[in-house]
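Shown next, in structure tokens, is the structure this report addresses.
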Amino acid sequence: MANYRKMAAPSPDPETQPFWDAARQGKFLIRGCNSCGKVHWFPRTICPICGSSNTEWREGSGKGTIYTYTVMRRAKEPYVLAYVELDEGPRMLTNIVDCDFERVDIGQKVQVVFVPTAPEAPPVPCFRPV
């Protein structure tokens, strides 16, 4: 396994628990709306696009493209912070891992990877170049 910087453990709540349970199994879930047909990130119960509560969890591809990024060089452990546009449409704020920071680029294809956090806590979805 790769050597990742220490990530904060998430605090699941009843609304997000299915997401974190799936993450433990290596599955990336997104929330989809049955009323407007769109998927959204952050995966909340109410659709931010049409306001419907008729939403459900859907397994996402875990694939996307770097929309924009910055290298956090002044951090104790430098890292890449990016918005990734998921293949399903929405953009999410995340970290780019397993890469040479000098080779990260806008438009680069990426794939989800789950980074461990604290013992007994679920992993956090990050992305690595394909």
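The values are calculated or read from the model by the stated rules, or taken from the named source; none is laboratory data. Computed from a prediction, not measured in an experiment: that's the story for all the values here. Quick reminder, even Gly has a Cβ in these numbers, built from the backbone with ideal geometry, and neighbours come from all protein chains shown.
Here Thr55 clears all of (1) under 21 Å from Arg5 (Cβ atoms); (2) in contact with a Gly (Cβ under 7 Å, 6 or more places away or on another chain); (3) among the hydroxyl-bearing types (Ser, Thr, Tyr) except the condition numbered (1).
Conditions tested, residue by residue: (1) surrounded by fewer than 17 Cβ atoms within 10 Å (Cβ to Cβ); (2) on the phi < 0 side of the Ramachandran plot; (3) free of Cβ contacts under 8 Å to residues at least 12 places away in the same chain; (4) not hydrophobic (A, V, I, L, M, F, W, C).
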position	(1), (2), (3), (4)
Ser52	yes, yes, no, yes
Thr55	no, yes, no, yes
Gly60	no, yes, no, yes
Ile66	no, yes, no, no
Lys76	yes, yes, yes, yes
Val80	no, yes, no, no
Leu86	no, yes, no, no
Met92	no, yes, no, no
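Do we have Phe19 as assigned to a loop (DSSP other than H, G, I, E, B) and among the aromatic types (Phe, Trp, Tyr) here? Taking the combined requirement at face value, the residue does not satisfy it.
Restricting the search to strands (runs of 3 or more DSSP E) fully inside region 26-130 and requiring at least 3 residues that are over 25 Å from Ala9 (Cβ atoms) and within 14 Å of the chain's Cα centre (by Cα) gives 63-72.
Total residues in region 100-115 satisfying the condition of being modelled with pLDDT under 95 and either closer than 20 Å to Lys6 by Cβ or surrounded by 15 or more Cβ atoms within 10 Å (Cβ to Cβ) (or both): the figure is 1.
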